[in-house]
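The values are calculated or read from the model by the stated rules, or taken from the named source; none is laboratory data. Quick caveat, the model's predicted, so the values are computed rather than measured. Counting neighbours? That spans all protein chains shown, and the Cβs are built from the backbone with ideal geometry, glycine included. Heavy atoms of the whole protein, side chains included, go into the accessibility calculation; ligands, DNA and RNA do not. Shrake-Rupley method; radii C 1.70, N 1.55, O 1.52, S 1.80 Å.
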Amino acid sequence: MFGFLIFGVTIFVLLYLLSNYTYWKRRGVLHETPLPLLGNFKGVGRKQAIYDVTERIYKKFKNVAPFAGVYMFLTPALLIFDLNLVKYILIKDFNNFHDRSVFNNVKDDPLTGHLFALEGDQWKAMRTKLSPVFTSARMKFMFPTILKVGQQFTEALTDIFKSSSDQVLEIKDLCARFSTDVIGNCVFGVECNSCKDPQSEFRVMGRSIFNEPRHHPIIQAFMATNPKLAQNLRMKFIPDKISAFILNLMRQSIDYRMKNKIKRNDFVQLLMELRNETEYEEQNEKLEKIDLSLGLTLEQMAAQAFVFFIAGFETSSATMSFCLYELAKHLDIQTKLRLQIENVIEQHNNELTYEALNSMPYMDQVIAETLRLYPFVPNLIRKCCQSYQVPNTTLVIEKGATILLPVRAIHHDAEFYEEPEKFKPERFEASEIENRHPCAYLPFGDGPRNCIGMRFGKMQTKIGLIAFLRKYSVDLCDKTEIPLELDHKKFTVSPKNGIYLKINEV
């Protein structure tokens, strides 16, 4: 009897794999031949990253068809090449593709109930509540807080410079300490002092989120490519110590402010304006779906704070460090940028104001080119929410199908960017942008589900770079990797061995 059971299970698995791995062949979609269990993801997490796979398939099929099939281990996905179709998915037909197909398990892992992962009406309700938090007026509201951290960053740089014998620094960690302090102050209202103390609690926790994940990379990949199955299995993604840290920090911050009637120019204060005043947390804990009709609960507030914590410090620190790396390789661009910074600040009574910050077009071009070369999120993922007839083709994308938009591959395509591996900020002059397809540049996504924190991220990146470049220059050294080796174990674009540069006083 046991033998028949094993035989039956084996036959079922084989038939499932055969059906699964002929998905794109049956639909007449170009694809690479998949390997059992691995699909097209052989070597992912060891010898290559997911974006290496999508870039390879992009280059192989891009001039043959508007899309191709790819197998993310067991999950078939449609990889889009045609920029007009990208525009349909992100903007014109957004209602068909409004979900990201990202793991979340609000019941067992409450901090995964954040804006980035939520779907459908839950996402729409949360986005509506949080959008007022990220207006230009709100950014100006938080500007002085970030500027203060920028001054602390400059002081820390001076201390490090004086104590260093060769003035060679690992820039990635240094930038992460600055952005950690920004997020600590602006999101939680906490003085982290990471700039001066690299072992501060906030910095340690920030490092552990990315360097000490809950699961092995293979399990992470399974959860990323099978989010609904992982949710049904009641899996968790966030380590318990991180969840406890964020929840306790949020609870203590709110309690302290309410008892002492304190208001600050930060994210917690803005979330408190959206909080649930009726204290119905006990009722909400029994719900598997998010109910925002009465305002945000503590867990919902903590989840939004958590995603802005990890997104805010890691994305901005990566952009800052990659930018300084490119400036070290291109001293003429560095000199031109520093000259604009000084000239603009001089025009504003030698003070870095919010208006001055937004009057530096070359700074914007330098950051935009950095994000083109090193988009933090190299692939955008979407889920088809209802069957969709692809314009000008016979293909119907089935409801529930996964869509991949290869951002990094598009950014490195010579059709859109001449000599794409070169660092050329002038690509983002107004005339150049007008002549380029709007979906050829997607570091923040596009459409209604673009990055809600884009303004905030750009603001803190600019302030950090200004604080650095007004005082110091960066140059290459013997420890500088050219080209940089990227970390294949991460889903994001990140240097594997750090970024070492020599700094000098200006």
Test: residue in region 422-437 that is over 21 Å from the mean Cα position of the chain (by Cα), open to solvent by 30 Å² or more (accessible area, probe 1.4 Å) and under 15 Å from LEU85 (Cα atoms): yes
Which numbered condition PRO198 fails, given (1) surrounded by fewer than 18 Cβ atoms within 10 Å (Cβ to Cβ); (2) over 27 Å from ILE381 (Cα atoms); (3) without any contact (Cβ under 8 Å) to a residue 24 or more places away in the chain: (3)
Residue match in region 142-157 (condition: among the polar types (S, T, N, Q), closer than 26 Å to LYS496 by Cβ and at pLDDT 85 or above): no
Failed item, numbered, when ASN504 is tested on (1) open to solvent by 40 Å² or more (accessible area, probe 1.4 Å); (2) out of contact with any Ser or Thr (no Cβ under 9 Å at 6 or more places or on another chain): (2)
Counted residues, region 385-421 - those being open to solvent by 40 Å² or more (accessible area, probe 1.4 Å), part of a loop (DSSP other than H, G, I, E, B), closer than 20 Å to THR75 by Cβ and not polar (S, T, N, Q): 3
So SER243, is it assigned to a helix (DSSP H, G or I), touching a Leu at 6+ places or on another chain (Cβ under 6 Å) and not acidic (Asp, Glu): yes
Listing of helices (runs of 4 or more DSSP H) fully contained in region 1-92 that carry 1 or more residues being over 24 Å from the mean Cα position of the chain (by Cα): 2-20, 23-26, 50-61
Unique residue being at pLDDT below 95, open to solvent by less than 20 Å² (accessible area, probe 1.4 Å), on the phi < 0 side of the Ramachandran plot and not in a strand (DSSP E or B) when the list is GLY457, GLY498, GLY464: GLY457
Residue match in region 456-465 (condition: more than 13 Å from PHE322 (Cβ to Cβ) and hydroxyl-bearing (Ser, Thr, Tyr)): no
Enumeration of residues in region 76-129 that are open to solvent by 20 Å² or more (accessible area, probe 1.4 Å) and of a type in the set (D, E, K, R): ASP82, LYS87, LYS92, ASP93, ARG100, LYS107, ASP108, GLU119, ASP121, LYS124, ARG127, LYS129
Residue that is farthest from the chain's Cα centre (by Cα), among those in region 134-176 that are among the small types (Gly, Ala, Ser) and closer than 21 Å to ALA305 by Cβ: ALA137
Flag for THR112 being over 30 Å from GLU355 (Cα atoms) and of a type outside the set (Gly, Ala, Ser): yes
